[in-house]
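The values are calculated or read from the model by the stated rules, or taken from the named source; none is laboratory data. Here the structure is a predicted model, which means the values were calculated and not measured. Counting neighbours? That spans all protein chains shown, and the Cβs are built from the backbone with ideal geometry, glycine included. Each accessible area value is taken on the protein alone, full model and side chains, heavy atoms only, with ligands, DNA and RNA left out. Shrake-Rupley method; radii C 1.70, N 1.55, O 1.52, S 1.80 Å.
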Amino acid sequence: MTDLALGAVLGAAFLAGLVDAMVGGGGLIQLPALFAALPVAPPATLLGTSKLAGVFGTASAAWRYSRTVAIPWRLIVPAGAVAFAASLAGAMTVTSVPAGVFRPLVPLLLSVVLAYTLLRRDLGAVHAPRTLSRGALAAGLATIAAIGFYDGFFGPGTGSFLMLLMIRLYGFDFVHAAASARVLNVATNASALAWFAGHGHVLWAVGLAMAVANVAGS
């Protein structure tokens with residue numbers, strides 16, 4: 001990687017951390033920068049490197065939120081366990097997809113997530129947590145599992161998806177939804193990173209430099 005390409009990737013990581021801390025979707029900035037800077041690297045390796053940077057950024061944001069926002073741990077802990085397991089399954093799946101099949105999918109996946117992010121206009125203004133039925137709780141966990149799998153398999157927009165779920169299903173306002181989403185995103189990033197790292201799919205020097213930039217942005 002050239003110095004220019006590395007500078008562009010670090011700049012993207014900084015901006016991604018900033019965006020992720022506020023509304024999610026930083027992966028729409030960070031991941032394309034990695035794919036552009038390292039066009040011949042295996043997709044799983046680029047995803048693993050992005051997860052290394054992302055887990056530090058989301059953890060930093062989650063910690064900062066936890067200092068001022070009451071996070072509903074009784075809800076988030078089991079949801080985090082589901083998200084962790086689902087993200088691991090997603091990471092396991094993507095490592096089995098040939099690079100020649102996965103790379104052409106990247107622009108399509110990014111376009112879909114970007115369209116969703118731009119069209120979303122219903123962030124919470126009122127914090128009114130709901131008491132959900134067992135069926136609604138099960139549906140929420142199933143949705144979290146689907147988002148977790150997506151994060152392990154690809155990832156951009158995961159924070160936004162989680163925030164929208166917290167607002168629409170659980171009745172959280174923007175700040176409480178953002179805080180809860182960051183905690184869940186830590187679980188999905190850590191799970192996927194553990195798989196990618198264990199199978200040699202992380203560029204450690206690049207990922208750690210990106211992590212510093214990501215935390216600075218968050």
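Going through region 73-92 one residue at a time, which ones are crowded, with 17+ Cβ neighbours inside 10 Å and closer than 12 Å to residue 183 by Cβ?
75, 76, 79, 80, 83, 84
Checking residue 39 against (1) over 23 Å from residue 208 (Cβ atoms); (2) in a loop (DSSP other than H, G, I, E, B), which single condition isn't satisfied?
It is condition (1) that residue 39 fails.
Taking the conditions exactly as written (open to solvent by 10 Å² or more (accessible area, probe 1.4 Å) and not in a helix (DSSP H, G or I)), does residue 201 satisfy them or not?
yes
Mind listing whichever residues of region 46-76 are assigned to a loop (DSSP other than H, G, I, E, B) and polar (S, T, N, Q)?
68
Consider residue 128 carefully, then state whether it is open to solvent by less than 60 Å² (accessible area, probe 1.4 Å), within 26 Å of residue 74 (Cα to Cα), of a type outside the set (D, E, K, R) and modelled with pLDDT of 95 or more. Can you show your working first?
Values: open to solvent by less than 60 Å² (accessible area, probe 1.4 Å): yes; within 26 Å of residue 74 (Cα to Cα): yes; of a type outside the set (D, E, K, R): yes; modelled with pLDDT of 95 or more: no.
No; evaluated as a whole, the condition is false for this residue.
Going residue by residue through region 153-162, is there one that turns out to be in a helix (DSSP H, G or I), of a type outside the set (S, T, N, Q), at pLDDT below 90 and more than 19 Å from residue 92 (Cα to Cα)?
Yes: region 153-162 contains one or more residues that are in a helix (DSSP H, G or I), of a type outside the set (S, T, N, Q), at pLDDT below 90 and more than 19 Å from residue 92 (Cα to Cα).
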